[in-house]
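Student: Sending over a structure as structure tokens; questions will come in a sec.
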Amino acid sequence: MTLRAAAAIQATEAVGMCVATAFSAAATAGGKSYQDASGIALTLIAFGTAIGLAAVARGLARAKLWSRTPALLTQLFAAGAGIYLLDGHRLDWGIPTLILAAAGFIALLNPASFKALNREAANKQ
């Protein structure tokens, strides 16, 4: 159950990254980027990140052992990004980001999730 919650949180973060990608693409197309090349690059990086987050969410949903570390690192990065957003007075983005990061950590470090993503549990199946 908690592993599915972690996968849902990871998928929500992937959707959020898709929204940020759309904002980045719109800003680049509207000429609001510092340079067109950097706007395009940031948009492509954000899109690639969204795909990576979705892949990790899928790995968590299938209880793949490799998915634990990227998922934990995602939550760590999301917490840092949330603090950065709060520092920039973007409460509308920062607070949900921090809530998702905290929920993701809790779901991933829950004993049931930890056991499901453990090598010993996978070898017994």
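The values are calculated or read from the model by the stated rules, or taken from the named source; none is laboratory data. These numbers come from a predicted model, not from an experiment. A quick note on method: Cβ atoms are made from the backbone with ideal geometry, for glycine too, and the neighbour counts reach across all protein chains shown.
Student: Mind listing whichever residues of segment 79-102 are β-branched (Val, Ile, Thr) and free of Cβ contacts under 8 Å to residues at least 40 places away in the same chain?
Tutor: Start the filter on segment 79-102 by keeping residues that are β-branched (Val, Ile, Thr), which leaves 83, 95, 97, 99.
Passing the criteria: Ile83, Ile95, Ile99.
Student: Here is a further query. Pick from segment 62-89 the residues that are over 14 Å from the mean Cα position of the chain (by Cα) and in a helix (DSSP H, G or I): which of them is nearest to Asn118 (Cα to Cα)? Before you say what the answer is, go through the steps one by one.
Tutor: Of the residues in segment 62-89, the ones over 14 Å from the mean Cα position of the chain (by Cα) are 62-66, 83-89.
This time we only want the ones that are in a helix (DSSP H, G or I), so: 65-66, 83-87.
Details: Leu65: 7, Trp66: 10, Ile83: 31, Tyr84: 33, Leu85: 34, Leu86: 35, Asp87: 37 Å.
Top of the filtered list is Leu65.
Each row is one residue, and each column tells you yes or no for (1) farther than 13 Å from Gln10 by Cα; (2) of a type in the set (Gly, Ala, Ser); (3) out of contact with any helix residue (DSSP H, G or I) (no Cβ under 6 Å at 6 or more places or on another chain).
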{"residue": "Thr69", "(1), (2), (3)": "no, no, yes"}
{"residue": "Gly82", "(1), (2), (3)": "yes, yes, no"}
{"residue": "Arg90", "(1), (2), (3)": "yes, no, yes"}
{"residue": "Trp93", "(1), (2), (3)": "yes, no, no"}
{"residue": "Ile99", "(1), (2), (3)": "no, no, yes"}
{"residue": "Asn110", "(1), (2), (3)": "yes, no, no"}
{"residue": "Ser113", "(1), (2), (3)": "yes, yes, no"}
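Student: Go through (1) at pLDDT below 90; (2) more than 22 Å from Met1 (Cα to Cα) one by one and return the number of the condition Ser113 breaks.
Tutor: The one condition Ser113 does not meet is (2).
Residue by residue, here is whether (1) under 19 Å from Leu3 (Cα atoms); (2) without any contact (Cβ under 8 Å) to a residue 40 or more places away in the chain; (3) surrounded by 13 or more Cβ atoms within 10 Å (Cβ to Cβ); (4) aromatic (Phe, Trp, Tyr) holds:
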site	(1), (2), (3), (4)
Leu44	no, yes, yes, no
Ala54	yes, no, yes, no
Ala63	yes, no, yes, no
Phe77	no, yes, yes, yes
Leu109	yes, yes, yes, no
